[in-house]
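In what follows, a structure is listed as structure tokens, so that the remarks can point back to it.
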Amino acid sequence: MTKQENVLIIGACGQLGTELTVALRKMYGEKHVVATDIHCADESFKQQGIFEELNALDGQRMAELVNRYQITQIYHLAAMLSAKGEQNPLFAWKLNMESLLNVLEIAREKKLHKVYFPSSIGVFGFDTPKQNTPQQTIINPTTIYGISKQAGEHWCSYYFQKFGVDARCLRYPGLISYNALPGGGTTDYAVDIYYKALEQGTYECFLTEDTYLPMMYMPDAVKGTLDLMHAPAEQIKTRTGYNLAAISFSPKEITKAIQTHIPEFSISYKPDGRQQIADSWPDSINDAEARADWGWQHQYDLQTMTEDMLVNLKKKVVLV
Ligand code: SER
């Protein structure tokens, strides 16, 4: 019989964490999944299973929790995103790097089975090919977030080569979802626009109308993450980061998609500092390796995602 897996999630109350926690609890049973975050305002989420407070910079407490719950896998999701990171670069670096090193050291010492580390399209820069960006290409990130993700990918690969830590990593595009909000990224407009469409009927976008970015609906991101983590180790051919793609669109195109459901919805454009970050990132991503190595497939396109987002957000927000 294979050993029971016990999973620790760091950053469980974030945009991705809330959804992965639910999926992992379903998969392993709620007694075998320990959700942690520095704080969590959502009491009902905390009560759905085991929840512990954890500052990802506190390696000692992280190790205690790993011992106490006999953890075998860590999903390390806590990080400061691109736009917020630019407001406090030194702390963004500290948080994103030191927390990962805590995780990797614990994984090495305690011989954990697996570690998951999310990377991002933020690793790419101005000189990266913009269309259909390959996995192996010029990587010169422009934000501290991107630099920390690039370095993080290499730390994961290093711990794999040197110590056999089975660390796995995906470069997510912008993630779109209707549960927890994203926390200060450049792709956040593509979440906010749905809320504003329903709540106010109008949206002021911080990117120009033709700024294309790679994006993905949350159910696809959760599926991709779990597929990667459950693939046999010999199928994981990349120990830095796998490109992962689904859709690519501009603010103008998402507006059109929303207008097919809410014809009176209007948008205006007021680009700010996030425009420069977006301009340094790819328009679209080539994820041929993920598809070939472990069978990645996405399900949602812009239309099906828009329909699902609006149906679910209508239950949540106060309509105009
Ligand atoms: N969604 C992230 C951000 O915009 C990119 O990975 O910062």
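Data table
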read-out: Selected from 21, 310, 276, residue furthest toward positive end of dipole (the chain; charges at beta carbon); value: 21
read-out: Heavy-atom accessible surface of the range 1-122: percent carbon and sulfur, 1.4 Å; value: 51
read-out: Zone of residue 259's modelled label, taken as backbone nitrogen in the range 191-206 under 16 Å from a point 7 Å along Cα→Cβ; value: 194, 197-198, 201-205
read-out: Links that overshoot a 21 Å alpha carbon limit, given the list 114/162; 46/111; 84/149; 3/114; 46/110; value: 46/111; 46/110
read-out: Highest average packing first - 80-92, 113-125, 188-200, Cβ atoms within 10 Å; value: 113-125, 188-200, 80-92
read-out: Spacing of the two label points (7 Å from each Cα toward its C-beta) at residue 181 and residue 109, in nm; value: 3.7
read-out: Gain in span if fully extended, residue 68 to residue 291, counting 0.36 nm per residue against the direct Cα distance; value: 76.5 nm
read-out: Pairs of alpha carbons in the range 150-287 whose separation is greater than 20 Å (percent); value: 54
read-out: Estimated FRET transfer efficiency (residue 91, residue 275; beta-carbon r; R0 22 Å; 0.05); value: 0.40
read-out: For the chain: accessible area per residue (Å², 1.4 Å); value: 43
read-out: Across the chain: Cys residues that no other cysteine approaches within a C-beta distance under 4.7 Å; value: 156, 169, 205
read-out: Within straight-line cross-link reach of residue 196, lysines at Cα separation under 19 Å, skipping those fewer than 8 residues along the same chain; value: 252, 256, 270, 314, 315, 316
read-out: Cβ-placed point charges (K, R +1; D, E -1), dipole of the range 105-262 about Cα centre in debye, nearest 20; value: 620
read-out: Mean Cα-pair separation over length for the chain, i.e. relative contact order, pairs under 8 Å, 6 or more apart, %; value: 18
read-out: Segment residue 303-residue 223, length gained on full extension (0.36 nm per residue, minus Cα span); value: 26.9 nm
read-out: Burial order of peptide ranges 246-257, 39-50, 222-233, 11-22 (average beta-carbon count within 10 Å, highest first); value: 11-22, 246-257, 222-233, 39-50
read-out: Percent carbon-and-sulfur accessible area, the range 173-320, ignoring ligands, DNA and RNA, probe 1.4 Å; value: 50
read-out: The chain: calculated mean residue ellipticity at 222 nm from DSSP helix runs of at least 4, using -39500 (n - 2.57); value: -13000 deg cm²/dmol
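The values are calculated or read from the model by the stated rules, or taken from the named source; none is laboratory data. The model shown is predicted, which means the values in this text are computed figures rather than measured ones. Note that we place each Cβ from the backbone using ideal geometry, even for glycine, and neighbour counts take in every protein chain shown. All accessible areas refer to the heavy atoms of the entire protein, side chains included, with ligands and DNA or RNA removed. Shrake-Rupley method; radii C 1.70, N 1.55, O 1.52, S 1.80 Å.
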